[in-house]
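*Asks:* Structure below; questions to follow.
The values are calculated or read from the model by the stated rules, or taken from the named source; none is laboratory data. Being a predicted model, the structure only gives us computed values, none of them experimental. Every residue, glycine among them, receives a Cβ derived from its backbone with ideal geometry; neighbour counts consider all protein chains shown. Side chains are part of the model used for accessible areas, which takes the heavy atoms of the whole protein and leaves out ligands, DNA and RNA. Shrake-Rupley method; radii C 1.70, N 1.55, O 1.52, S 1.80 Å.
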Amino acid sequence: MTHRPLDEPLRPVRPHPVEAAWDRPPDPGEVDPAVLGALLRRHGWQRRGGPAGRYGRWTPPGPGGSGTSLLVPESRAFPDSDDLLGEALQALARSQTPAAREVLVGLAVPSDEIRWWRDTPTGPAEAAGAASWAVEEQLRGAARQMLLAGALATRARAGYYGARHRRTAGAMLETVLVGSAAGGRRLTAFTPVATARPLAVRLHQALYAVREAIDYQRATGGMDAFVGAVEAGASRELTEALIALVRGTEGARVAVEWAPAAGVPEDCADDEPVEFSPGDLPVLREAGARYLREEPSVPVRITGAVVRMRRSGPRGEGSVRLRVLAGAEVPHVRLTLDEEDYRIAGQAHLVGVPVQVRGRLESRGGFRRITGACGVVPVQVDEAERDRLMKSLQENLDFFEEACGGD
């Protein structure tokens, strides 16, 4: 294990496109009044009147909202439309309410919104307006698991992903902006249409498929519907996320609301939230176990750099760890090689070239192990890649254990 020195500055984190400038209102000329009105309605603002067909007066949600109002034109048909839009946007930027910030986020980067609600028992602290850190973290953790499950389903259809596709799925989540967990009961994620709409679409379809599969199991006692749900994006990762969301609650809901500026995607409806209850947990656990059990191993031909070698004596078979360069959507794999293949892998490592190996990527253990590995051969690489591999070797000599090293 390595530790960061206490005095070392933290590496800057790349901000979400909205984060750097969400509190600066957009140019009124770039805002569609119809989109602004749709976002206000979505985030709980109430229209209190105004001349029909010209503008509406909107007040924020919650108690005390009647003291603040926005005049929002319904179109650009009147000369004062831009002035009214500019004043409304400035008022939103000055407002301290979460509902105002969410509207500005939706204007800055057109985004689909994924919402989670949890019905949790109310204790004395929650009644006073506070929520425990654990409750908020549980909601955030479940939401992240669900977003990751949706991102994984955009890469491939599988009942169980394990370590596969995690890198590319994680990259898709980099553009997702998550709001504050209100009392540990409500959370919103903004998924930009330009980069993450496939995630929102796949998650929307997968949630409905899981809900239908649960209902089918309750009606017939059969689990067959979960097999078909995989094509819609259902997986063990999604059932685990739903279990984390529902556990400890009286029920939970998930909804996907489409960006007004982009419209509803094909094959998706602007449906009601999908609801799950504690009574669904046994079925979700059974489905997750089935997905794990039935996902097959995969034949692969992997190219990878040797990063660790170990065997118990000077001769015989040994175990090797590869950093995967091509052939499988996993970062690392472990495999056991016979004496000859182990020797070839060691020589390739010492001269800084990767190897290619055939075998089956085993589902047990999360697709992190290759069974039946054979046919190890060195692979030629260009000079730049060779230099990078040699530098990695020199920086990580403590991870390379000679064949005679013991456990």
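*Asks:* Residue by residue, what Karplus-based ³J(HN,Hα) values in Hz, rounded to whole numbers, does the stretch 340-346 have, using 6.51, -1.76 and 1.60 with θ = phi - 60° and x for Gly and Pro?
*Replies:* 5, 5, 5, 5, 4, 4, x
*Asks:* Another question about this same structure. Pop out the ³J(HN,Hα) list for the stretch 300-309 in order, Karplus 6.51 cos²θ - 1.76 cosθ + 1.60 with θ = phi - 60°, rounded to Hz; leave Gly and Pro as x.
*Replies:* Residue by residue, the stretch 300-309 yields 9, 10, 9, 10, x, 8, 6, 10, 7, 9 Hz.
*Asks:* If a paramagnetic tag sat 7 Å from the Cα of Arg285 along the Cα-Cβ line, which residues of the stretch 192-223 would have the backbone N under 13 Å from that point?
*Replies:* Under cut-off, by backbone N: nothing.
*Asks:* For the stretch 242-355, take every pair of Cα atoms, bin their distances at 10 Å starting from 0, and report each bin as a whole percent.
*Replies:* Percent of pairs per bin, in order: 11, 23, 17, 19, 17, 12, 1.
*Asks:* Please provide three numbers in whole Å: the alpha-carbon extents of the stretch 154-239 along the principal axes, with the largest listed first.
*Replies:* Largest first, the stretch 154-239 extends 40, 33, 22 Å along its Cα principal axes.
*Asks:* Once you charge only the Cβ atoms, +1 for Lys and Arg and -1 for Asp and Glu, what is the size of the charge dipole of the stretch 162-218 about its Cα centre, to the nearest 20 debye?
*Replies:* Using only the charged Cβ atoms, the result is roughly 120 debye.
*Asks:* Tabulate in residue order the Karplus-calculated ³J(HN,Hα) for the stretch 100-106, using 6.51 cos²θ - 1.76 cosθ + 1.60 with θ = phi - 60°, rounded to whole Hz; enter x for Gly and Pro.
*Replies:* 6, 5, 5, 5, 5, 4, x
*Asks:* At q = 0.15, 0.17 Å⁻¹, work out log10 I(q)/I(0) for the stretch 135-186 with the Debye formula, treating every Cα as an identical point scatterer and leaving solvent out; two decimals please.
*Replies:* -0.46, -0.57
*Asks:* Considering only protein heavy atoms, what per residue accessible area in square angstrom results for the stretch 291-380 with a 1.4 angstrom probe?
*Replies:* Result: 49 Å² per residue.
*Asks:* OK, next. If packing is taken as the average count of other Cβ atoms within 10 Å, what order do 281-289, 145-153 fall into, highest mean first?
*Replies:* Order by mean packing, descending: 145-153, 281-289.
*Asks:* While we're looking at this one, here's another question. Taking the Cα centre of each part, how many Å lie between the stretch 299-351 and the stretch 170-211?
*Replies:* The two parts, judged by their Cα centres, are 38 Å apart.
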